[in-house]
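Asks: Below is the structure I would like to discuss, written out as structure tokens.
The values are calculated or read from the model by the stated rules, or taken from the named source; none is laboratory data. Here the structure is a predicted model, which is why all the values come from computation and not from measurement. All Cβ positions, glycine included, derive from the backbone under ideal geometry; neighbour counts span all protein chains shown.
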Amino acid sequence: MARYFGIDLAWGLGRTDPRTGRVRPPNETGLCLLDATGRILDAGWARGVDAVHDFIAAHEQPGDVIAIDAPLIVPNPTGMRAAEREVASRYGRWKVAANASNAGSAARAGELLLAALEPRGIRYTDGTGPPLAGTTVAFECYPYTTLVGVAELGYDDERPRYKRLIPGIDRADARARRAAACDDLIARLSRLGPSTPPLDLRSHPATRALVDEPSPITDAAYKHREELLDSVICAWTAALWHANGPERTQVLGADTGEVDARGRRATIVAPARPEQRRAAEDESG
């Protein structure tokens with residue numbers, strides 16, 4: 001039976017300060033492994049592509065599904081990928097948009113991770129069809145599209161503001177509001193137990209702490225929590241796609257996405273309500 005990896009990958013690779021020679025490590029990556037019953041088998045954090053690869057290698061079995069929040073196929077030399085533009089056109093009403101990625105960016109961790117996984121037989125999928133039996137596949141996802149794209153979570157009007165601080169208000173107030181939004185999101189996720197697919201946040205100590213402990217106010221501690229939370233959302237997205245395919249998800253860039261030299265199309269697998277799909281976009285346009 002397939003299991004589901006969620007990887008909230010830090011895009012950057014770390015860097016060396018040219019003045020001091022001090023090496024700054026990559027930011028943390030959140031990691032989650034979910035089974036088909038909703039039980040979280042493992043969860044935590046890692047730094048760097050090698051450590052993330054090692055986490056996957058330690059657990060992966062043929063037929064698993066890996067959802068990665070990072071650009072995986074980036075053939076475009078400049079600008080924004082078609083799938084990223086479609087995030088804004090399909091989900092903009094919910095105040096969701098994507099950052100641009102291109103070959104000129106130094107943030108290449110997703111591409112490097114995908115290349116590192118290939119010798120294990122793990123294959124990239126653009127999400128337009130089911131995986132071959134016994135083949136582990138990896139696709140690109142974007143947690144915000146999951147949060148507003150599934151009715152169960154109740155974000156009917158706009159995305160939750162659990163990431164960046166609200167501009168233009170006192171920073172202490174902004175941090176408190178961010179923490180409250182995160183706690184509300186966790187409470188909503190904790191009610192997915194009877195959903196299809198299910199999710200049990202209390203089934204692993206690291207994710208149980210998300211439920212039992214309030215979100216911190218300080219930036220570093222908050223970011224640590226956010227990375228783990230997003231990895232859980234990625235893992236649940238993998239389960240949703242695997243169980244329901246086009247019934248519950250759409251593939252952004254499926255027709256217009258850039259294609260690399262190996263014929264792989266740059267796409268984002270995104271949960272979707274009917275009003276977020278192409279037909280609704282065409283009618284409104």
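Asks: Return the residue satisfying two criteria in turn: it lies in region 1-16 and is part of a loop (DSSP other than H, G, I, E, B) and not small (G, A, S), and of such residues it is nearest to the chain's Cα centre (by Cα).
Replies: Filtering first and then ranking leaves L9.
Asks: I'm checking my understanding of the structure. Among residues of region 13-34 that are small (G, A, S) and in contact with a strand residue (DSSP E or B) (Cβ under 9 Å, 6 or more places away or on another chain), which one is farthest from K223 (Cα to Cα)? Lay out the reasoning, then the answer.
Replies: So the first thing to find is which residues in region 13-34 are small (G, A, S), and the list is 14, 21, 30.
Of the ones still in play, those that are also in contact with a strand residue (DSSP E or B) (Cβ under 9 Å, 6 or more places away or on another chain) are 14, 30.
Numbers: G14: 17, G30: 10 Å.
So the residue we want is G14.
Asks: Looking only at region 162-172, decide whether some residue is under 24 Å from R3 (Cβ atoms), free of Cβ contacts under 8 Å to residues at least 60 places away in the same chain and not small (G, A, S).
Replies: no
Asks: How many of the residues in region 54-82 are under 16 Å from the mean Cα position of the chain (by Cα), within 12 Å of F5 (Cβ to Cβ) and of a type outside the set (D, E)?
Replies: Final tally of qualifying residues: 5.
Asks: Looking at G63, G44, which is the one that is surrounded by 16 or more Cβ atoms within 10 Å (Cβ to Cβ), under 24 Å from A206 (Cα atoms) and in contact (Cβ under 8 Å) with a residue 12 or more places away in the chain?
Replies: Among G63, G44, only G44 is surrounded by 16 or more Cβ atoms within 10 Å (Cβ to Cβ), under 24 Å from A206 (Cα atoms) and in contact (Cβ under 8 Å) with a residue 12 or more places away in the chain.
Here's the yes/no breakdown for (1) under 12 Å from P143 (Cβ atoms); (2) of a type in the set (D, E, K, R):
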{"site": "D230", "(1), (2)": "yes, yes"}
{"site": "T237", "(1), (2)": "yes, no"}
{"site": "E247", "(1), (2)": "no, yes"}
{"site": "Q250", "(1), (2)": "no, no"}
{"site": "D255", "(1), (2)": "no, yes"}
{"site": "D260", "(1), (2)": "no, yes"}
{"site": "G263", "(1), (2)": "no, no"}
{"site": "T267", "(1), (2)": "no, no"}
{"site": "Q276", "(1), (2)": "no, no"}
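Asks: Quick one: T128 ticks every box in (1) polar (S, T, N, Q); (2) under 24 Å from L228 (Cβ atoms); (3) at pLDDT 95 or above except a single one, so which number is it?
Replies: That leaves (2) as the condition not met.
Asks: Taking the condition closer than 30 Å to G129 by Cβ, in contact with a strand residue (DSSP E or B) (Cβ under 8 Å, 6 or more places away or on another chain) and at pLDDT below 95, does G193 pass?
Replies: Judged against the criteria, G193 is a match.
Asks: Name, by its number, the condition in (1) of a type outside the set (V, I, T); (2) surrounded by 14 or more Cβ atoms within 10 Å (Cβ to Cβ); (3) in a loop (DSSP other than H, G, I, E, B) that does not hold for P167.
Replies: (2)
Asks: So the check is Cβ under 9 Å with 6+ separation or different chains; which pairs have a first residue in region 85-113 that's closer than 22 Å to A51 by Cα and a second one that's charged (D, E, K, R) and modelled with pLDDT of 95 or more?
Replies: G110/D69; G110/E140
Asks: List the number of the failed condition for T37; all other conditions in (1) touching a Leu at 6+ places or on another chain (Cβ under 8 Å); (2) surrounded by fewer than 16 Cβ atoms within 10 Å (Cβ to Cβ); (3) within 20 Å of T146 (Cβ to Cβ); (4) not small (G, A, S) hold.
Replies: (1)
Asks: While we're on this one: Name every residue in region 1-26 that is of a type outside the set (F, W, Y) and either surrounded by 18 or more Cβ atoms within 10 Å (Cβ to Cβ) or closer than 19 Å to A235 by Cβ (or both), in order of residue number.
Replies: M1, A2, R3, G6, I7, D8, L9, A10, P26
Asks: Right, something else. With closer than 21 Å to Y155 by Cα, modelled with pLDDT of 95 or more and in contact with a Phe, Trp or Tyr (Cβ under 6 Å, 6 or more places away or on another chain) as the only criterion, which of A272, A238 stands out?
Replies: Going through A272, A238 in turn, just one is closer than 21 Å to Y155 by Cα, modelled with pLDDT of 95 or more and in contact with a Phe, Trp or Tyr (Cβ under 6 Å, 6 or more places away or on another chain): A238.
Asks: Pull up region 114-135, narrow it to residues that are in a helix (DSSP H, G or I) and without any contact (Cβ under 8 Å) to a residue 60 or more places away in the chain, then point me to the one that is surrounded by the most Cβ atoms within 10 Å (Cβ to Cβ).
Replies: L114
Asks: When you scan region 180-285 for helices (runs of 4 or more DSSP H) that lie fully inside it, which ones turn up with 1 or more residues that are crowded, with 22+ Cβ neighbours inside 10 Å and not polar (S, T, N, Q)?
Replies: Counting at least 1 such residues, we get 205-212, 219-244.
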